[in-house]
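Right, one structure below, let's go through it.
What follows draws every value from the coordinates through simple rules; no lab data is involved. Bear in mind that the values here come from a model prediction, so they are computed numbers and not experimental data. Note that each Cβ is placed from the backbone with ideal geometry, even for glycine, and that neighbours are counted across all protein chains shown.
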Amino acid sequence: MTGYDPLNTLKPVAADLWIVDGPVIRFYGMPFPTRMTVVRLATGDLWLHSPIAPDPALVAALAGLGPVRHLVAPNWIHYAFLPAWQARVPGALTWAAPGVEDRAASRGVALRIDRNLPDAQADWGGAIDHALIAGSDLHREIAFFHRPSRSLILTDLIENFERRAVPPWMLPFLMLAGNLDPDGKAPVDMRLSFRKGRAALRDSIATMRGWNPARILLAHGRWYPENGAAELERAFRWALR
Ligand SMILES: [Fe+2]
């Protein structure tokens, strides 16, 4: 139970776009609910953003949508289940944000990376834009934009934990971190890591603004189904003032 049941189940968001809520993962000892995003490209191939654990029934359900061809590690700390997916879908390409390779190696995780983002030529049929959110000396995350549905796909740059879905002892930490629904945003330690790179971060925010998202998907907590552009301004106001 994570508050986002049913788990390991494809949930349609828009045409050719789904989310799948997954089990919790421990991070700094805290139970974080997980979520992946699935895009079906024009070719019929599937693109998996921040894959959750490959539950067998989920793998079968995905096979009903199309072949999994792309596995995406969108930031330096979101790669945990990629080796398991690589074993299940050996034909898929693994795309990784800066920092993933070093982090996985430092943790003894055997992860094969096929393409390094943001520089690799991403042939996703024009359906998905991407940009490195620059300016941090710690957190390197690639933001994605599903053009047909105008969906901004973030990972940890906005976290939006819901009180109803976390154990009570976790609340003081979340209040301190500033990542509680409805005012979800990057947690305070992540925000501080951008303090020397504010200009670069603002350029990155401008890129996301230019996408004019209708909604924002994220990995932890309640996602924002509407008013995407306004939610983007709200969630990044710490960087803009
Ligand atoms: Fe995360």
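Just subtract the alpha-carbon distance of L171 and T207 from 0.36 nm times their residue separation and send over the number in nm, one decimal.
On the way: separation 36, 0.36 × 36 = 12.96 nm, distance 3.27 nm.
Full extension from L171 to T207 adds 9.7 nm.
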Positive-end extreme of charge dipole, the chain - chosen from P98, I77, M208 (charges on Cβ): M208
Helix-only CD estimate at 222 nm, as mean residue ellipticity for the chain, using -39500 (n - 2.57) per DSSP H run (n ≥ 4): -7000 deg cm²/dmol
Anisotropy class of the range 21-129 from Cα gyration tensor, a/c 1.5 cut: oblate
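For the range 141-241, what D do you get in µm² per second when you plug the Kirkwood radius from alpha-carbon pairs into Stokes-Einstein at 37 °C and 0.692 mPa s?
Translational diffusion coefficient: 238 µm²/s.
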Pairwise label distance in nanometres, R163 with A42, each label 7 Å out on the Cα-Cβ vector: 4.7 nm
Coil-residue trypsin sites (Lys or Arg not before Pro) of the range 96-154, DSSP, other Cβ within 10 Å capped at 16: R107, R112, R150
Cα→Cβ-extended label distance, 7 Å offset, between L65 and A14, nm: 1.5 nm
Dipole magnitude of the chain about its Cα centre (Cβ charges: Lys, Arg +1; Asp, Glu -1), debye to nearest 20: 400 debye
Cα pair count fraction exceeding 23 Å, expressed as % - the chain: 46 percent
Difference of contour (0.36 nm per residue) and Cα-Cα distance, A57 to D114: 17.9 nm
Positive-end extreme of charge dipole, the range 10-235 - chosen from A127, P182, W223 (charges on Cβ): P182
Beta bridges by DSSP in the range 10-235, antiparallel share as percent, to the nearest 5: 65 percent
